[in-house]
1. With a 1.4 Å probe and all protein chains left in place, how much accessible area per residue does the range 390-479 have, in Å²?
2. Within the accessible area of the range 89-240, what % is carbon and sulfur when the probe is 1.4 Å and the other protein chains stay in place?
3. Peptides 125-138, 18-31: what's the order by average Cβ count within 10 Å, highest mean first?
4. Quick one: length gained pulling Thr110 to Ile246 fully straight, 0.36 nm per residue minus the C-alpha distance?
5. Within the range 267-294, list the residues whose amide N lies under 18 Å from a label point set 7 Å along Cα→Cβ of Thr142.
6. Any idea of the accessible area per residue across the range 89-240, 1.4 Å probe, to the nearest Å²?
7. Quick one: give the max-minus-min coordinate of the C-alpha atoms of the range 219-327 along each principal axis, largest first, in Å.
8. Please go through the residue pairs Lys417/Lys536; Lys481/Lys517; Lys33/Lys417; Lys197/Lys226; Lys449/Lys540; Lys33/Lys543 and name each one whose alpha carbons sit more than 20 Å apart in this structure.
Amino acid sequence: ERIGSATSLSSAVINTRLQELVKLFKERTEKVKEKLTDPDVTSDEESPATSPAKPAPAAAPVPPPGGESEGDKPPGDEHYCEMLCCTFKYQPWLHRLKNYRFPSSIDPLTNLMYVLWLFFVVMAWNWNCWLIPVRWAFPYQTPANIHCWLLVDYLCDLVYLLDILVFQTRLQFVRGGDIITDKKAMKENYLRSQRFKMDVLSLLPLDFFYFKVGVNPLLRFPRCLKYMAFFEFNNRLEAILSKAYIYRVIRTTAYLLYSLHVNSCLYYWASAYEGLGSTTWVYDGEGNSYIRCYYWAVKTLITIGGLPDPKTLFEIVFQLLNYFTGVFAFSVMIGQMRDVVGAATAGQTYYRSCMDSTIKYMNFYKIPKTVQNRVKTWYEYTWHSQGMLDESELLVQLPDKMRLDIAIDVNYNIVSKVALFQGCDRQMIFDMLKRLRSVVYLPNDYVCKKGEIGREMYIIQAGQVQVLGGPDGRTVLVTLKAGSVFGEISLLAAGGGNRRTANVVAHGFANLFMLDKKDLNEILVHYPESQKLLRKKAKKMLKNNNKPKDEKGAPRDPLIIPPKPDTPKLFQAALAATGRMGGKGTLAQLRWRLKELKAMQATQVSAGRTAIWLSRVVALPGWLQRWSSVAGGSGQGSAKVDFAFFFFYLFFLFFSQGSSVSPIPPKSPVHQRSPVTTHKARTHLGEEIFSKSSDSLVTIRVISTAQEDEEILAAEISEKEEEKEEK
């Protein structure tokens, strides 16, 4: 049993392995086919780019005999131990932290780690800006909690110091258009900047005066001079946020709250200076001191009114300064808030102004309500779907290279799948991507109609379109979804083959990319090889699609070069009736096809024999006349002689028939009216074909017209021929 089970197990393993190999071969075959179809597709077999050496992945631990494998163990049981014979795939975070190497240079514009560091610097700066006035004015700093305040203060100082020594000396900068990453140059650039001077001032060691005057928070006021880090953090954060206006609103609100915060601290200090509860104007010392003073500051800066009148000169001066500062600060905050909100809603304002102007225009010209409703729907859907009315207005400000990068990310995956453009020059595809324009169609809008000239190709970005056909033109032939392409052959069709063959209607809202024929022609001028390839592909696609109409009457695809029309039947009948068919090769240039060549040769041989017989029969009377004159007889004798000679002559013709006729038939006699030479002359309407008889008395012409299925047959007879016929 053990031997049988082992054999079955090995056969099952071999079978599984063979199935895996078959699957791999199929996948490889599909990749090779895709590579042959589209050479632009990157192959997986290409050698990858060199990368820095990484530690080899650790092997899985070998399970003990009869024990659980590593896959059966719960994740919590895994541990790291270098003493064991096995290692694990993922090393502990502590080891990765030890192996981390700080970058030698930092890009301040794109490095997210630097933005995170600026966040900690700004938090330390805000600690000093908000808490120094509170600790100075309010009695919140006491000997019991002084060690907590000092601990946080020195942690903030450590953040300042690390920013100067580690980060600011590694920031890249631009000099003469080059990005400088040299350590010495970056350090010298920082030491010569205004930023370094302000950072040094912010770390002035005034804390040594604590030993003389005590722990006074005002000695830490220089820490607020590191404001340049705050503004840099604002710029970097707004650059990475998708909705930066929200942060701007929060920041402006924080400015207003901070001004009220400082004013409340000043009011408590003034009240303590005058004496708490000494007058009706000062703070009376009841309740939460900070909340009560903050409420007074809000009423003062916003100038709500209802405040007690100041009594002393100090109170009056303080109140006047408060009023002036409040009016100025509040007006600045309101103006800045208006700018922030206006910038956030600038697009919405532009959309509303455009829509209002359009509605006013339609009302002035009394446009029907149905059309007005469709226009309003287009405005609303376009704005809500893409956030703007015209994408080109946004991209026109960018450099050409950046526009190309954006176009590649948005449209290349769709355009590269178009069969017509596969195998073309990649740079030509890139140039074509920059010419695509976004168009929005409403439900039941006609993208293109049957019979109109096709000058655009469409790529469906979102939504669906329906191709209509049939006898009534309303039968849905196919529904195209996102990623589909239609109308691409019209870009290269010529000679009337660029007409639409069906109606295409938007099924719901549809966002399409459109490529104009004029733009494509301008691009192909610089890529002649791609132009030849596109022409060849277009002809091949048209040849495959050039099938007659089916029973349902489905239209055929347009042809780049229409087929040559057949010889008119009227011309054939006229030539046959007049005996000028030219079946012996004289009208070969008129494209007459000889169907039975052997039968024609037999006809020529029989015609030659008949001609010889006729010539001898015609010559018989002459012989008889000569014989009678030689004999000189008359009457019955001469008649008998003539009759005997006549039978003798017939007997001679009969027995000499086989020897007198040549095995090669003589040339067919050419009638004087047979057409001999065919000439072609080109006109701007088409071809003109004419043929003349050997005596140039009869001329037959075939003239093509503007209509493809019509031709004019003309026969001309000269004046000499007409005179002969009259005689």
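The values are calculated or read from the model by the stated rules, or taken from the named source; none is laboratory data. All figures in this text were calculated on a predicted structure; none of them were measured in a lab. In this analysis, Cβ positions are derived from the backbone assuming ideal geometry, glycine residues included, and neighbour counts consider all displayed protein chains. The accessibility values were calculated without ligands, DNA or RNA, using every heavy atom of the protein model including side chains. Shrake-Rupley method; radii C 1.70, N 1.55, O 1.52, S 1.80 Å.
1. 55
2. 69
3. On the way: 125-138: 18.9, 18-31: 10.5.
Peptide ranking by packing, descending: 125-138, 18-31.
4. Once the chain is fully extended between Thr110 and Ile246, it gains 46.9 nm.
5. From the range 267-294, the list is 285-291.
6. In whole numbers, the range 89-240 has 61 Å² accessible per residue.
7. 53, 34, 27
8. Lys481/Lys517; Lys449/Lys540; Lys33/Lys543
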